Amino acid sequence: MKSKNDPVTIYNARLIGSFFLLAFLAYGIGRSLFDSTNDIEKHLGALLIIANSIMVLFIGILLRKTLKPYNSAVANIYLFTRIFEAFALSSIVLTIFLKVNLSIDLGYILAMLVLGLGSVPMCLTLYKHKILPAWLAIWGAVGYAVFAFGFLLELFGMDWSMYFLGLGGLWEVVFAIWLIIRGN
């Protein structure tokens, strides 16, 4: 992300962007299939949810490499955020193998709350060091803060998170496309 002439950096930016988009699809489709009463669909859904978690881990690892030269604490926080998100979202798979009724929503709510909170410093670092255009970095910081607030409300029993998803979710799509197109 530092230099347009660095092919590894450009490749990583495009890879990160691709993972952002593919993770959306994997979790969205996987969660729909997982809720099915058909065992084959349920297992396919579980595999897609695990695939999402793997991509989320790689997003954290790759962005940590980008952030570390600028702020190692933020780089590590962001990696922890993505590790937590991956494990919390994939905990849904345990319901198949352990034959227990875990609260799927709690894992999702905690994953999204931690994602929102841990992504704000990442966006501010991208802004401060001019790694992203100012408008995109600020949008990300505000979007993730609003996103986290929605899931905090959800954690306390107020089913309002869906009203706070748009700004952060749309930012992830725009950021992904920006990374793929710009490649830096």
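Any read-out appearing in this document is the output of simple, stated calculations on the displayed coordinates, not a laboratory observation. Small disclaimer: the values here were computed from a predicted structure and weren't measured. Positions of Cβ are generated from backbone atoms using ideal geometry, with glycine treated the same way; all protein chains shown enter the neighbour counts.
A few notes on this one:
- Partners for Lys42 among aspartates and glutamates (Cα-Cα distance below 18 Å; same-chain residues under 8 apart left out): Asp105
- Rel. contact order, % - alpha carbon contacts under 8 angstrom, at least six apart, the chain: 24
- Packing order of peptides 121-133, 31-43, highest average first: 121-133, 31-43 (average count of other Cβ atoms within 10 Å over each peptide's residues).
- Separation of segment 124-142 and segment 18-93, taken as the distance between their Cα centroids, equals 23 angstrom.
- Highest average first, the peptides 107-113, 164-170 ordered by how many other beta carbon atoms sit within 10 Å of their residues are 107-113, 164-170.
- Sum of -39500 (n - 2.57) over DSSP H runs of 4+, divided by residues of the chain (222 nm, nearest 500): -27000 deg cm²/dmol
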